[in-house]
Amino acid sequence: REDEDPIDQKKYLEEICKPKCVRPLRAYQACVERIKGDESGSKHCTGQYFDYWTCVDTCVAPKLFGKLN
């Protein structure tokens, strides 16, 4: 077992947590749709993107640190 590559638990836990963050994901996707035609480049969805990943990270953190012990 020592010669096997370690599995990235964070990626695994992110996949488990993503379904719990549907609301921020939909907000991000709606923003992306709204700004599709923006040619100026001044519109962005950074806030919604970070809201989504904050939700995922908040879900992952306690599970991940529990596995590191």
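In debye, nearest 20, what is the charge dipole magnitude of the chain about its Cα centre with +1 on Lys and Arg Cβ and -1 on Asp and Glu Cβ, if you could check?
In total the dipole reaches around 460 debye.
How would you rank 15-28, 34-47, highest first, on the average number of other Cβ atoms within 10 Å across their residues?
Highest to lowest by the protection proxy: 15-28, 34-47.
How much accessible area per residue does the chain have, counting only protein heavy atoms and a probe of 1.4 Å, in square angstrom?
I get 82 Å² per residue for this part.
Just from its helices, what would the mean residue ellipticity at 222 nm be for the chain, if runs of 4 or more DSSP H residues each count -39500 (n - 2.57) and the sum is divided by every residue, rounded to the nearest 500 deg cm²/dmol?
About -21500 deg cm²/dmol.
Here are several values of semi-axes √(5λ) of the Cα gyration tensor in Å: (i) 29, 12, 8; (ii) 33, 14, 9; (iii) 27, 12, 10. Which one was derived from the coordinates shown?
This structure yields the entry labelled (ii).
The values are calculated or read from the model by the stated rules, or taken from the named source; none is laboratory data. Since we're looking at a predicted model, the values are computed, not measured. Note that we place each Cβ from the backbone using ideal geometry, even for glycine, and neighbour counts take in every protein chain shown. Side chains included, ligands, DNA and RNA excluded: accessible areas come from the protein's heavy atoms. Shrake-Rupley method; radii C 1.70, N 1.55, O 1.52, S 1.80 Å.
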